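The values are calculated or read from the model by the stated rules, or taken from the named source; none is laboratory data. If you're wondering where the values come from, they're calculated on a predicted model, not measured in any experiment. Cβ: placed from backbone, ideal geometry, glycine included. Neighbour counts: every protein chain shown.
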Amino acid sequence: MKNGKICVSLAGGDVAALVEQARQAGDRADVIEVRLDSMLRPDVAGCCVALDKPLLFTYRPLWEGGAFEGSEERRILPLLEAVRRDAAYVDFELRANRRLRKRLLAGMELSSTQMIISWHNFDNTPSQAELEQVLVEMMESGAHIGKLVTTAHCMEDALRVLRLQEQAKEADFPLSCFCMGTPGRISRLATLYLGGYMTYACLNDAQATAPGQLSLEKLKALTSLLA
């Protein structure tokens, strides 16, 4: 069975900063996540031209742990541009406006772009039943791929999240699921070997975009040991 993809999350003020980070990442990542909410001016076109990798565009709002504070109508515009330019993926939050989600999905009918529907819990890890309900909502959302991330306070939290991988597999729904926080770090690696679609790494520890995120170097070293 082929292991999941590795995505490196990049955050920078402009395209030049992202290009330099991508150069440092080299061929160690399969996908580059561009955090548009880190840019002084979101430049989807510039990123598509300058970055020679499959791109995932994320424009994370403040209410889901990101930095964007404007209106949802304004937030969706760069994501629609990414769809028009056939970016590999766009991330859109499960909690976000359903009408705007449908608008994005409608654009994808004439594009090769896939939607990653994401859900984050920065406080804890809900019960198994609650997690399963979130997974059901993802599968019914119309999105192509799910991303479910919680905060682990113990190993059992991480195991509870990873159990979703089997359910997603049975439903033939590509899912990335893992935990933030120190107890959840193992899940960022384990998901790759349990059928997870993709895990996320930072370029280095100083540039982590989420708590407990492994650096690309550490993640690649661990996958090499397990090869």
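The rows are residues; the columns are (1) of a type in the set (D, E, K, R); (2) closer than 18 Å to MET198 by Cα.
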| site | (1), (2) |
| --- | --- |
| ARG103 | yes, no |
| MET108 | no, no |
| GLN114 | no, yes |
| SER118 | no, yes |
| ALA143 | no, yes |
| MET155 | no, no |
| LEU159 | no, yes |
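Among the residues of segment 152-183, those identified as touching a residue at least 40 places away in the same chain (Cβ under 8 Å) and out of contact with any Pro (no Cβ under 7 Å at 6 or more places or on another chain) are LEU175, SER176, CYS179.
Residues in segment 31-42 that are touching a Leu at 6+ places or on another chain (Cβ under 7 Å) and not in a loop (DSSP other than H, G, I, E, B): VAL31, ILE32, GLU33, VAL34, ARG35.
Considering the conditions (1) free of Cβ contacts under 8 Å to residues at least 24 places away in the same chain; (2) in contact with a strand residue (DSSP E or B) (Cβ under 6 Å, 6 or more places away or on another chain); (3) not acidic (Asp, Glu), TRP119 is excluded by exactly one of them, (1). Could you tell me whether any residue of segment 34-44 is of a type in the set (Val, Ile, Thr), buried (at least 22 other Cβ atoms within 10 Å of the Cβ) and at pLDDT 95 or above? For segment 34-44, residues of a type in the set (Val, Ile, Thr), buried (at least 22 other Cβ atoms within 10 Å of the Cβ) and at pLDDT 95 or above: present.
Hey, could you check segment 11-30 for residues that are part of a loop (DSSP other than H, G, I, E, B) and not hydrophobic (A, V, I, L, M, F, W, C) and say which is surrounded by the fewest Cβ atoms within 10 Å (Cβ to Cβ)? That would be ASP27.
Out of everything in segment 67-114 that is small (Gly, Ala, Ser) and in a helix (DSSP H, G or I), what residue ends up being surrounded by the most Cβ atoms within 10 Å (Cβ to Cβ)? I'd like the intermediate steps shown before the answer.
Taking segment 67-114 first, the residues small (Gly, Ala, Ser) are 67, 70-71, 82, 87-88, 96, 106-107, 111-112.
Retained after the next criterion (residues that are in a helix (DSSP H, G or I)): 82, 106-107.
Numbers: ALA82: 30, ALA106: 12, GLY107: 19.
Looking at residues that are small (Gly, Ala, Ser) and in a helix (DSSP H, G or I), I get ALA82.
Across segment 43-66, the number of residues qualifying as touching a residue at least 60 places away in the same chain (Cβ under 8 Å) and part of a helix (DSSP H, G or I) comes to 0. Taken together, the residues in segment 48-91 that are out of contact with any strand residue (DSSP E or B) (no Cβ under 9 Å at 6 or more places or on another chain) and among the hydroxyl-bearing types (Ser, Thr, Tyr) amount to 1.
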